[in-house]
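Visitor: Structure in structure tokens, see below.
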Amino acid sequence: MSLMDSGARDAIGLDRRHVWHPFTQLDGWLDPGYEPVMIASGRGTVLTDSAGRDYLDGNSSIWTNLHGHRHPKLTQALKDQLDRIAHSSYLGLAHEPGARLAGELCRRAGFDPGRVFYSDDGSTAIEAALKIAFQYFQQNGAPERTTFISLGGGYHGDTVGAMSVGRSEAFHGAYQPLLFPTEAVMSPGCYRCPYNQAKPEAIDARTYRQCNWECLGELEKKLGEVGPRVAGFVAEPRIQGAAGMVMHPHGYLKKAAALVKERGGLVIADEVLTGFGRTGTLFASEAEGVAPDLMALAKGLTGGYLPMGATLVREMLVDGFRGGLERTFFHGHSYTGNQLGCAAALANLEIFDEEGTLNRIGQQAEVLRRASEAFWTIPQVGDVRQEGTILAVELVRDRATREPFAATDRLAHRINEEARRLGLLTRGLGGTLFLLPPYCATDGELERMVEILLRAARTVLGQRA
């Protein structure tokens with residue numbers, strides 16, 4: 001605090017009196033002994049607070065900032081757009097950035113022919129997908145198709161519809177009376193799968209699992225129970241982020257999508273986290289060879305510059321909305337198709353092409369894989385799993401039994417706080433640590449992030465290096 005100027009100190013006072021932060025325990029935030037980090041600036045992988053301290057951004061500012069802070073191309077794209085217009089209504093009006101972005105997204109995601117419905121974030125992108133699917137069946141001869149199926153532990157956002165297909169007791173348990181009924185099937189996460197007969201080993205659990213794809217059997221059984229009422233299957237391809245970076249065995253989504261299609265349901269891919277390269281391909285469903293009927297995008301869509309969501313829709317579904325006024329999709333947002341967001345998103349996609357970002361992601365993944373092997377020297381590490389530049393380390397009381405730490409231990413939170421003290425900002429969940437670095441991170445920065453997180457974990461767990 002003493003290094004801060006009076007303006008920063010005043011800002012902290014105002015924050016504590018007037019701001020309510022998301023997913024943040026109020027009493028802990030307001031504790032006089034707790035010193036909040038007031039971010040003042042950023043460049044590349046580094047964030048600087050109002051006291052002049054630097055931190056490595058180890059979670060890409062909650063999984064959004066793909067190419068680093070103050071990327072010149074993204075900044076210039078916004079400046080150029082501001083010289084023309086910042087925002088105008090998208091209700092019955094159009095503009096070039098929105099049209100160009102829709103074309104690019106459809107082309108790159110394999111939705112050509114297809115269309116894009118713009119919204120504000122991941123929750124609203126999922127909300128639009130659910131309503132499109134529901135209304136499509138209602139007005140195209142299958143009004144009985146009203147049931148959505150989703151994965152246990154899943155998280156798709158915090159609006160009512162998104163919570164209804166979510167399965168996060170910690171985040172959504174209090175709101176159950178508000179939600180519409182949906183069906184759940186088990187998550188295909190191998191480490192804690194009750195059907196996995198393999199004994200724990202010091203490697204990603206997906207590589208040594210012993211099972212008979214019972215997770216798919218449960219989905220097939222559920223589809224049989226729901227029958228002609230199934231409207232769609234909602235899933236995060238390959239990784240369930242807020243569930244604890246639960247990673248699926250490769251091939252699950254492809255097999256699951258085929259089962260859903262056989263029953264006449266739609267496949268809705270929540271690529272809010274996994275989209276834009278995080279798992280190694282531009283979209284995770286692409287690596288599974290799956291062509292979803294609807295795809296929700298957000299987070300990295302604008303490269304971490306502005307909030308924006310998009311729902312990609314197959315033309316077959318769009319055709320179901322043609323006709324009279326009563327077939328209109330009465331849904332939207334004041335900032336739908338915001339020009340600044342569209343301009344940033346277009347620049348984001350151009351950076352992928354110009355900088356060979358997907359190739360760089362492959363290189364980063366290998367650096368993280370090698371560096372993360374050191375976590376196995378901690379006895380409480382139960383699983384180290386990785387997809388592309390997403391790294392998760394699950395800590396347990398006992399490696400042999402996989403006994404988890406209690407939620408009240410707030411283990412990841414305590415390790416994150418220690419990592420912050422050492423110069424790394426990241427945010428895990430429960431007993432699982434996360435790293436999702438920006439794509440601009442050098443090999444040295446990646447190794448340093450892993451080193452700090454490892455050191456923080458050892459400190460909190462009371463171990464010597």
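Nothing in this text is a laboratory measurement; each read-out follows from the coordinates by a stated rule. Keep in mind that what you see is a predicted model, and the values were worked out from it rather than measured. Glycine gets a Cβ as well: all are built from the backbone with ideal geometry, and neighbour counts include every protein chain shown.
Visitor: Per-residue counts of other Cβ atoms within 10 Å, averaged by peptide: what ranking do you get for 232-244, 129-141, 334-346, highest first? Spell out each step's value before the answer.
Guide: Numbers: 232-244: 25.9, 129-141: 19.8, 334-346: 23.4.
Put in order of decreasing packing, that is 232-244, 334-346, 129-141.
Visitor: In addition: How far apart, in nanometres, would the label points at R70 and D27 be if each is projected 7 angstrom from Cα along the Cα-to-Cβ direction?
Guide: Distance between label points: 4.0 nm.
Visitor: Could you run the Karplus curve 6.51 cos²θ - 1.76 cosθ + 1.60 with θ = phi - 60° over the stretch 21-30 and give me ³J(HN,Hα) per residue in whole Hz, x for Gly and Pro?
Guide: Once rounded to whole Hz, the list reads 8, x, 6, 10, 5, 4, 4, x, 5, 8.
Visitor: Got a sec? Charge dipole of the stretch 75-354, +1 on Cβ for Lys and Arg, -1 for Asp and Glu; which of G280, A205, L101 is way out at the positive end?
Guide: Value computed over the given set: A205.
Visitor: Continuing with the same structure: Express the relative contact order of the stretch 317-418 as a whole percentage, based on alpha carbon pairs under 8 Å and six or more residues apart in sequence.
Guide: Details: 63 pairs, mean separation 13.1, N = 102.
Here the relative contact order equals 13 percent.
Visitor: Still on this structure, please answer the following. Computed from these coordinates, which is Cα extents along the principal axes in Å: (1) 72, 47, 46; (2) 71, 65, 38; (3) 66, 61, 44?
Guide: Step by step, Cα extents along the principal axes in Å for this structure corresponds to label (3).
Visitor: Would you mind telling me the antiparallel percentage of the DSSP bridges in the chain, rounded to 5? Can you show the working numbers first?
Guide: Working: 33 of 49 bridges.
Antiparallel bridges: around 65 percent, rounded to the nearest 5.
Visitor: Contact order normalised by length for the stretch 194-250, with contacts defined as Cα pairs under 8 Å and 6 or more residues apart; what percent is it? Walk me through the intermediate numbers first.
Guide: Values: 26 pairs, mean separation 13.4, N = 57.
With pairs under 8 Å counted, the relative contact order is 23 percent.
Visitor: While we're looking at this one, here's another question. Using 1/(1 + (r/R0)^6) with R0 = 51 angstrom and r between the beta carbons of K221 and R108, what's the FRET efficiency to the nearest 0.05? List each step's numbers first, then the result.
Guide: Values: r = 36 Å, r/R0 = 0.70.
The formula returns an efficiency of 0.90 here.
Visitor: Helix-only mean residue ellipticity at 222 nm, the chain, DSSP H runs n ≥ 4 weighted -39,500 (n - 2.57), per residue, nearest 500. What is it? Intermediate results must be reported in sequence, preceding the final value.
Guide: Details: 16 runs with 168 residues, N = 465.
Roughly -11000 deg cm²/dmol at 222 nm, from the helical runs in the chain.
Visitor: Now for a separate question. Mind ranking 28-39, 294-305 by how tightly packed they are, going by the mean number of other C-beta atoms within 10 angstrom, highest first?
Guide: Values: 28-39: 11.8, 294-305: 27.5.
The peptides rank, most packed first, as 294-305, 28-39.
Visitor: Hey, another quick one. Using a simple spin-label model with points 7 Å from Cα along the Cα→Cβ vector, what separation in nm is obtained for A99 and D353?
Guide: 1.8
Visitor: Quote the relative contact order of the chain in percent (integer), defining contacts as alpha-carbon pairs under 8 Å separated by 6+ residues.
Guide: Values: 863 pairs, mean separation 92.2, N = 465.
20 percent.
Visitor: For a quick protection proxy, order the peptides 282-292, 408-418 by their average other-Cβ count within 10 Å, most packed first. Mind dumping the intermediate values first?
Guide: Details: 282-292: 21.6, 408-418: 18.2.
In decreasing order of mean packing, 282-292, 408-418 become 282-292, 408-418.
Visitor: Same structure, new question: Charges on Cβ only, +1 for Lys and Arg, -1 for Asp and Glu, centred on the Cα centroid of the stretch 164-266; of L253, F180, S168, which one is farthest towards the dipole's positive end?
Guide: L253
Visitor: Now for a different question. Roughly what would the spin-label model give for H331 and V160, points 7 Å off Cα along C-beta, in nm?
Guide: 1.4
Visitor: Separate question: Can you list the residues, at least 5 places off or on another chain, whose amide H is less than 5 Å from the amide H of V381, using H built in the peptide plane?
Guide: V396
Visitor: Hand me the tally of lysine pairs in the stretch 75-354: alpha carbons under 15 angstrom apart, and the pair either on different chains or 8 or more positions apart. Could the numbers behind the result be given before it?
Guide: Values: K221/K255; K221/K261; K222/K255; K222/K261.
Taking the Cα cut-off of 15 Å, the pair count is 4.
Visitor: Fully extended, how many nm does the chain gain between A407 and D15 (0.36 nm per residue separation, minus their Cα-Cα distance)? Please report the intermediate quantities before stating the final value.
Guide: Working: separation 392, 0.36 × 392 = 141.12 nm, distance 2.75 nm.
Computed gain between A407 and D15 is 138.4 nm.
Visitor: To the nearest 20 Debye, how big is the dipole of the stretch 75-354 about its Cα centre, given +1 on the beta carbon of each Lys and Arg and -1 on that of each Asp and Glu?
Guide: Working: 26 positive and 31 negative charges, 95 e Å.
So the magnitude is around 460 debye.
Visitor: Taking neighbour counts of Cβ atoms within 10 Å as a proxy for exposure, in what order, fewest first, do W376, W20, W213 appear? Before the final figure, lay out the partial values.
Guide: Details: W376 14, W20 8, W213 17.
Ordered from fewest to most neighbouring Cβ atoms within 10 Å, W376, W20, W213 come out as W20, W376, W213.
Visitor: Still on this structure: Could you pull out every residue, at least 5 positions away or on a different chain, whose amide H is within less than 5 Å of the one on G42? Hs are placed 1.01 Å off N in the peptide plane, and Pro or chain starts have none.
Guide: Counting only residues 5 or more places away or on other chains, the set is T48.
Visitor: As an exercise, use a Förster radius of 41 Å and the Cβ-Cβ distance of R370 and A8 to find the FRET efficiency, rounded to the nearest 0.05.
Guide: On the way: r = 39 Å, r/R0 = 0.95.
E(calc), rounded to 0.05, equals 0.55.
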